[in-house]
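Here the structure comes first, spelled out in structure tokens, and everything after it is commentary.
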Amino acid sequence: FYSRMTASSADMERTFIAVKPDGVQRGLCGEIIKRFETRGFKLIAAKFVQASEDHMKKHYLDLKDMPFYAGLCKYMSSGPVLAMVWEGQNIVKLARMMLGETNPADSKPGSIRGDLCINIGRNIIHGSDTLDNAKTEVDLWFKAEEFVNWTPATQAFLYE
Ligand code: UDP
Ligand code: MG
């Protein structure tokens, strides 16, 4: 796949982004998609789903010893989420910068969490924190046939 990218394919990356149940309930899916779209990133897979608690336990396995793990997994499976895979140069790091800090109270205005939410347990969006975790999360949430191969008309103007 990467060999078919035109520009700077060496650092083309995919990351897993999800609008959490609170973001969905608050009507923020459009706003969040808009930020990734207008930045120039490419959507390559998306689905609107209510995940099981078991699925969320796998997703957050790294946090299994944290006191908030059980409540987090229960909350994340309590309603629908918008699960997405976005692609772009250096996207794992850039998406985390767009999200802001884990705690919205520490997130700068201009970031998604800094603009749109208040509480750490209701921080509206998930984004993979490393390239390795992005690969694991993309594989956990999506099957190969769910990805769309397409070339945005804007591509030649986004990458040198
Ligand atoms: N979380 C929480 N309390 C905490 C820390 C984290 O409820 O003290 C929740 C929060 O929703 C966060 C998620 O657990 O987004 C996963 O935590 P992580 O440290 O991976 O933060 P993220 O990668 O989402 O910024
Ligand atoms: Mg995390």
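The values are calculated or read from the model by the stated rules, or taken from the named source; none is laboratory data. Bear in mind the structure is a predicted one, so any value in this text is a computation, not a measurement. Reconstructed Cβ throughout: ideal geometry from the backbone, glycine too, with neighbour counts over all protein chains shown. Surface accessibility is based on the protein's heavy atoms, side chains included, excluding ligands, DNA and RNA. Shrake-Rupley method; radii C 1.70, N 1.55, O 1.52, S 1.80 Å.
Only lysine pairs 8 or more places apart or on separate chains count here, and in the chain those with Cα atoms under 13 Å apart total 8. Peptides 94-104, 150-160 ranked from most to least packed, by the mean per-residue count of other Cβ atoms within 10 Å: 94-104, 150-160. Specify which residue in the list 109, 141, 81 is farthest towards the positive end of the charge dipole of region 78-160, using unit charges on the beta carbon of Lys, Arg (+1) and Asp, Glu (-1), about the Cα centre. Farthest along the dipole direction, towards plus: 109. Over the chain, accessible surface divided per residue gives 56 Å², non-protein components excluded, 1.4 Å probe.
Counting only protein heavy atoms and a probe of 1.4 Å, the accessible surface of region 66-160 is 58% carbon and sulfur. Charge dipole of region 111-160 (Cα centre as origin; +1 on each Lys and Arg Cβ, -1 on each Asp and Glu Cβ, all else neutral): 220 debye, rounded to the nearest 20. If R0 equals 25 Å, the separation of the Cβ atoms of residue 52 and residue 146 corresponds to a calculated FRET efficiency of about 0.90. Ranked by the mean number of other Cβ atoms within 10 Å of their residues, highest first, the peptides 120-129, 138-147, 21-30 come out as 120-129, 21-30, 138-147.
With the cut-off at 1.5 for a/c, could you classify region 4-62 from its C-alpha gyration tensor as rounded, prolate or oblate? Oblate. Assuming charge only on the beta carbon of Lys and Arg (+1) and of Asp and Glu (-1), the dipole of region 54-160 about its Cα centre is about 320 debye to the nearest 20.
Taking Lys and Arg as +1 and Asp and Glu as -1, the other residues whose beta-carbon sits under 14 Å from that of residue 22 total +4. Ranked by solvent-accessible area (1.4 Å probe, protein heavy atoms only, all chains present), the residues 76, 66 order from largest to smallest as 66, 76. Past the 24 angstrom mark, what percentage of all C-alpha to C-alpha distances in the chain do you count? Of all Cα-Cα distances in the chain, 32 percent exceed 24 Å.
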